[in-house]
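Everything below concerns the one structure shown next.
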Amino acid sequence: MVVIKISAVDVLGTWLNRSWILNMINSRYFANLSYTNSIMYAISVLFLVFTDIVTKLYYNKHLSYGSDLNVLPFLNITLIYNYGASFGLLSDQNQEWQKYLLISIGIIASIFMIIVLYKLDRNENIASIRLRFATILILSGTLGNVLDRITHGYVIDFISLHYNNIYLPVFNIADITISLGFLIFIANNFFSKNLNIYKK
């Protein structure tokens, strides 16, 4: 008869060893999850920026500057070149320093939003998801307009909303994503009960 003696030390060592394996698996899982999320963020941003650029190039090619095409009773396609910020703010200045200032602000804001995406917690609570979505929208719109300023020296705007004789400033897809992102961000701050959604 063979008697196998198992001490408490052996049991503890085996448990620690298994725990180490489980921890390694979990760390690899979360690393892969983080990598997958990063890829999805990049794809989302690239898709939105691509959509913005394609629509700008399309209307810039097929319409002349200042042309006004009525699409719906409240929607016109009006091609203008915006030398200012979103929705035509400061567009009447048209100064060289203004172009470089807006490009610098856009680049700094983009870097900040990339850091925000990285800092967001990996948990899937609704507040974190909303904030990630808002950041992706704002980042995409910012990059789209920055690329315009770098390439052309101005931003191509073409969407004109109006009611009777009341016209909103002409804007583009990038302006829409930026506005939606800020609205979601503001709503998230109002409705979120758990604001501790950043990695420490």
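For this structure, a couple of remarks:
- Each residue of region 172-185 is assigned a 3J(HN,Hα), and the resulting list reads 9, 4, 4, 5, 5, 5, 5, 5, 4, x, 5, 5, 5, 4 Hz, derived from the Karplus form 6.51 cos²θ - 1.76 cosθ + 1.60 (θ = phi - 60°), x at Gly and Pro.
- For T78, the residues whose amide H sits under 5 Å from its own are L69, I159, S160, ignoring neighbours fewer than 5 places away on the same chain, with H placed 1.01 Å from N.
- Computed 3J(HN,Hα) for region 54-71, one whole-Hz value per residue from the Karplus formula 6.51 cos²θ - 1.76 cosθ + 1.60 where θ = phi - 60°, is 4, 5, 5, 5, 4, 6, 5, 7, 9, 10, 8, 4, x, 5, 10, 10, 7, 10, glycine and proline marked x.
- Note on V116 and I150: the extension gain reaches 9.8 nm, defined as 0.36 nm multiplied by sequence separation minus the Cα-Cα distance.
- Rolled with a 1.4 Å probe across the full set of protein chains, the surface gives S38 an accessible area near 60 Å².
The values are calculated or read from the model by the stated rules, or taken from the named source; none is laboratory data. Note that the structure is a prediction, hence the values are computed from the model and not measured. Side chains are part of the model used for accessible areas, which takes the heavy atoms of the whole protein and leaves out ligands, DNA and RNA. Shrake-Rupley method; radii C 1.70, N 1.55, O 1.52, S 1.80 Å.
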